[in-house]
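The values are calculated or read from the model by the stated rules, or taken from the named source; none is laboratory data. Nothing here was measured: the structure is a model prediction, and the numbers come from that model. So basically every Cβ, Gly included, is an ideal-geometry build from the backbone, and we count neighbours across all protein chains shown. Each accessible area value is taken on the protein alone, full model and side chains, heavy atoms only, with ligands, DNA and RNA left out. Shrake-Rupley method; radii C 1.70, N 1.55, O 1.52, S 1.80 Å.
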Amino acid sequence: MLGLVLTGIDGTILYANLGACTITGLPIEALERHSVSVLYEVLRTTAVDPVECERTLAQAESTETTELIVEIRRDGRHRSIHLRLFDVGDESGRLIGRGLLLRDVTRERELDEFKTTLLAAVGHELRTPLAAIKGYASTLLQEDVSWSLADQRHFLQTISGEADRLAQLVSNLLDLSRQEAGLLLLRRVPVNLQELVAKIIDRLSHPRIKITAQIPEDLPLIKIDSARIEVVLHNLVANALVYGGEGEVRITAERRGDGIIVSVADNGPGIAPDELPHVFERFYRARHGRRQHSGGTGLGLTICKAFVEAHGGTIWAESSMQGTTISFLLPLVSPAIAAVPVNMATT
């Protein structure tokens, strides 16, 4: 979105395009034939940091600089607006006015931030399993030590587990990259939800925590990408096992209207109300989780959100002192297009 505003020497707006109206939220009539200060005032009143915005706009009004960034809030979202000022002259080079280009660079800045955070997280997460693989492999290769079969098996199991962890991390990163590019594709087939849940329970069975499922037998088949929704269920149940405390993890499903709601609940300490809206954001980890468990990238729930929304569904979290429940809705009637591009923009 690119906005263009042209002013006379006295600062009166002579022309404003649709992009400028969209970015400022003002109609053309409120801009044209009015002072450019009207536009700057809108940026001031919607600024994330009014003091910083005032300092930035003062530079713009005094022509001290030609390129600026202003952070504003529009429609409940944080927006980064790039301002570029330039002089307008006639054929003889005489100054007759000024121009202002406004560009919403929110997406670009989010991508830059995402890449920076991703590199930091990946660097940290790769080091741990690689160090374990290298350490145990080097131990097994030592010629001056003889290890029992039990020890060798333990070392190999550790190597295998850390390799699986690396593979999962790479898979998550690839999925996020596809999502960023709008290329996350679905291969929908009719799936029995009971069988999918049973597979997850069998894979994640835990000696100290009971995993139960209440799935109605008459639940209809649902046309989904089985592999993607299996990842969603796996991530939700794994999170509940790790952060929910010892007790029980409950998986339930019910038909509601033209969709199926699946819920995963634990009886842990819950998530603070101020953190609940952020749990699906990339790399976000609740305070309790950070204190209790240092591992993890904070990508699990982000992947869940991407996969569920790719199916045309929604996902949400509810929490109290009695535990946390994360639910997602999948429509029974799938969109006509089987391969759905996904917009990475986070809410």
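Screening Thr212 with (1) modelled with pLDDT of 90 or more; (2) within 22 Å of the chain's Cα centre (by Cα) gives one miss only, at (2). Look at the range 107-144 and say how many of its residues are open to solvent by less than 50 Å² (accessible area, probe 1.4 Å), at pLDDT below 85 and over 17 Å from Gln179 (Cα atoms). Counting residues in the range 107-144 that are open to solvent by less than 50 Å² (accessible area, probe 1.4 Å), at pLDDT below 85 and over 17 Å from Gln179 (Cα atoms) gives 5.
Given the condition at pLDDT 85 or above, surrounded by 14 or more Cβ atoms within 10 Å (Cβ to Cβ) and aliphatic (A, V, I, L, M), answer yes or no: does some residue in the range 286-298 qualify?
Of the range 286-298, the ones at pLDDT 85 or above are none.
Among the residues of the range 286-298, not one is at pLDDT 85 or above, surrounded by 14 or more Cβ atoms within 10 Å (Cβ to Cβ) and aliphatic (A, V, I, L, M), which makes the answer no.
Taking the options Leu14, Leu31, Leu57, name whichever one is open to solvent by less than 20 Å² (accessible area, probe 1.4 Å) and over 34 Å from the mean Cα position of the chain (by Cα). Walk me through how you get there before you give the answer.
On the way: Leu14 fails: open to solvent by less than 20 Å² (accessible area, probe 1.4 Å); Leu57 fails: over 34 Å from the mean Cα position of the chain (by Cα).
Just a single option satisfies the conditions, and that option is Leu31.
When the criteria are applied in full, Gln179 meets the requirement of being closer than 29 Å to Ile326 by Cα and at pLDDT below 90.
Among the residues of the range 236-253 satisfying the criterion of being of a type in the set (D, E, K, R) and more than 13 Å from Val197 (Cβ to Cβ), which is surrounded by the most Cβ atoms within 10 Å (Cβ to Cβ)?
Initially, the range 236-253 is screened for residues of a type in the set (D, E, K, R), giving 246, 248, 250.
From what's left, more than 13 Å from Val197 (Cβ to Cβ): 246, 248.
Working: Glu246: 11, Glu248: 15.
Step by step, filter the range 236-253, then rank; the result is Glu248.
Suppose we keep only residues that are under 18 Å from Pro331 (Cβ atoms) and in contact (Cβ under 8 Å) with a residue 40 or more places away in the chain within the range 223-235. Which one would you say is most open to solvent (accessible area, probe 1.4 Å)? Here the residue is Lys223. One residue alone among Ala163, Ala198 is touching a helix residue (DSSP H, G or I) at 6+ places or on another chain (Cβ under 8 Å), over 15 Å from Leu299 (Cβ atoms) and either crowded, with 17+ Cβ neighbours inside 10 Å or free of Cβ contacts under 8 Å to residues at least 60 places away in the same chain (or both), and that residue is Ala163.
Being touching a residue at least 60 places away in the same chain (Cβ under 8 Å) and not aliphatic (A, V, I, L, M) is the requirement here; does Thr128 meet it? First the steps, then the outcome.
On the way: touching a residue at least 60 places away in the same chain (Cβ under 8 Å): yes; not aliphatic (A, V, I, L, M): yes.
It is true that Thr128 is touching a residue at least 60 places away in the same chain (Cβ under 8 Å) and not aliphatic (A, V, I, L, M).
Evaluating Asp258 against the criteria (1) touching a residue at least 60 places away in the same chain (Cβ under 8 Å); (2) under 21 Å from Leu176 (Cβ atoms) leaves one unmet condition, (2). With respect to being surrounded by 18 or more Cβ atoms within 10 Å (Cβ to Cβ) and within 17 Å of Pro331 (Cα to Cα), Ile260 fits the description.
Quick one: would you say Arg178 is out of contact with any Lys or Arg (no Cβ under 8 Å at 6 or more places or on another chain) and within 20 Å of Thr302 (Cα to Cα)? When the stated conditions are applied, Arg178 passes them. Name the single residue that is farthest from the chain's Cα centre (by Cα) among those in the range 99-116 being over 17 Å from Val42 (Cβ atoms) and touching a residue at least 60 places away in the same chain (Cβ under 8 Å). Among those residues, the one meeting the criterion is Gly99.
The listed residues are Leu4, Leu57, Leu43, Leu26, and the only one of them that is without any contact (Cβ under 8 Å) to a residue 60 or more places away in the chain and under 24 Å from Ile96 (Cα atoms) turns out to be Leu57.
It is to be established whether one or more residues within the range 174-183 are surrounded by 13 or more Cβ atoms within 10 Å (Cβ to Cβ), small (Gly, Ala, Ser) and either closer than 30 Å to His311 by Cβ or under 17 Å from the mean Cα position of the chain (by Cα) (or both).
Looking only at the range 174-183, we keep the residues that are surrounded by 13 or more Cβ atoms within 10 Å (Cβ to Cβ), and these are 175-180.
Still in the list and also small (Gly, Ala, Ser): 177.
Add one more test, that the residue is either closer than 30 Å to His311 by Cβ or under 17 Å from the mean Cα position of the chain (by Cα) (or both), and what stays is 177.
Yes, the conditions are met somewhere in the range 174-183.
Test Ser226 against the stated conditions and say whether it is of a type in the set (Ser, Thr, Tyr) and touching a helix residue (DSSP H, G or I) at 6+ places or on another chain (Cβ under 8 Å). In short, yes.
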